[in-house]
Amino acid sequence: MIKLHSSSAPGINLSELSGDGSIGVSQIDDDTFLWTEDPNPNLEQLQAFARDLTGLTINLEHYYLIADLSKAGRPDAPVRSFLVEFFRQQTKLAHLAVVTGDNMVLSIAARFVLSQIGVRSSSFNKTRAQAAHIIEDTKRHDRQQENDSRSSS
């Protein structure tokens, strides 16, 4: 399921992050997306997620993703394999902010899977608000680097 949200103000609108509990991908600003994983993830859901996210990001130079896994159950081997392969192909993913809540086991498992993927920038967060804050900081840093590289050319 795709839910499109637009915010006229720059930055991530934290009210957009509260969501309605829907599973799937939501666009929370021009280049930032929220993926809420199902408590019992399966391959069909992840293929739909991949198709939706690819469609939403196809015309972007780069994008940022908050992956809310806080209510997700343990993925089976085919699901883990699919996630690893999908995220390895995401060359435009500027930052992956994973939300695991207070689930220490999930946090450790997510770190393990993420280590196999090789995303260029990631963070682990207890809340969506924390993840949004990290993404905003990352965006500022990315913009500064872009400006610095333009200035030196």
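Bear in mind that the values in this text are calculations on the coordinates, not laboratory data. All values reported here derive from a predicted model rather than from experimental measurement. Here Cβ is always computed from backbone atoms with ideal geometry, including for glycine, and neighbour counts include all displayed protein chains.
Annotations
- Using a simple spin-label model with pseudo-atoms 7 Å out from Cα toward Cβ, residue 105 and residue 30 lie 4.3 nm apart.
- The string of couplings for region 89-102 from the Karplus curve (6.51, -1.76, 1.60, θ = phi - 60°) is 7, 8, 5, 8, 6, 7, 7, 10, 9, 8, 10, 10, x, 8 Hz, one whole number per residue in order, with x for Gly and Pro.
- Taking amide H positions as modeled 1.01 Å from N, with prolines and chain starts lacking one, the residues under 5 Å from residue 93 and 5 or more places away or on another chain are 63.
- Dipole size of region 32-89 about its Cα centre, with +1 on Lys/Arg Cβ and -1 on Asp/Glu Cβ: approximately 120 debye, rounded to the nearest 20.
- Most tightly packed first, judged by the mean number of other beta-carbon atoms within 10 Å of their residues, the peptides 120-131, 38-49 read 120-131, 38-49.
- In sequence order, region 63-74 has phi-based couplings of 8, 10, 9, 9, 10, 8, 9, 4, 10, 6, x, 6 Hz under the Karplus curve 6.51 cos²θ - 1.76 cosθ + 1.60, θ = phi - 60°, and Gly or Pro positions carry x.
- Förster radius 25 Å - calculated FRET efficiency between residue 61 and residue 126 (Cβ-Cβ, nearest 0.05): 0.25
- Binning all Cα-Cα separations of region 2-152 at 5 Å, short to long from zero, yields these whole-percent fractions: 2, 9, 19, 24, 23, 13, 6, 3, 1, 0.
- The label-point distance for residue 54 and residue 146, in a model that sets each label 7 Å from Cα toward Cβ, rounds to 2.5 nm.
- Amide H partners (placed H, <5 Å) of residue 122, local residues excluded: 96
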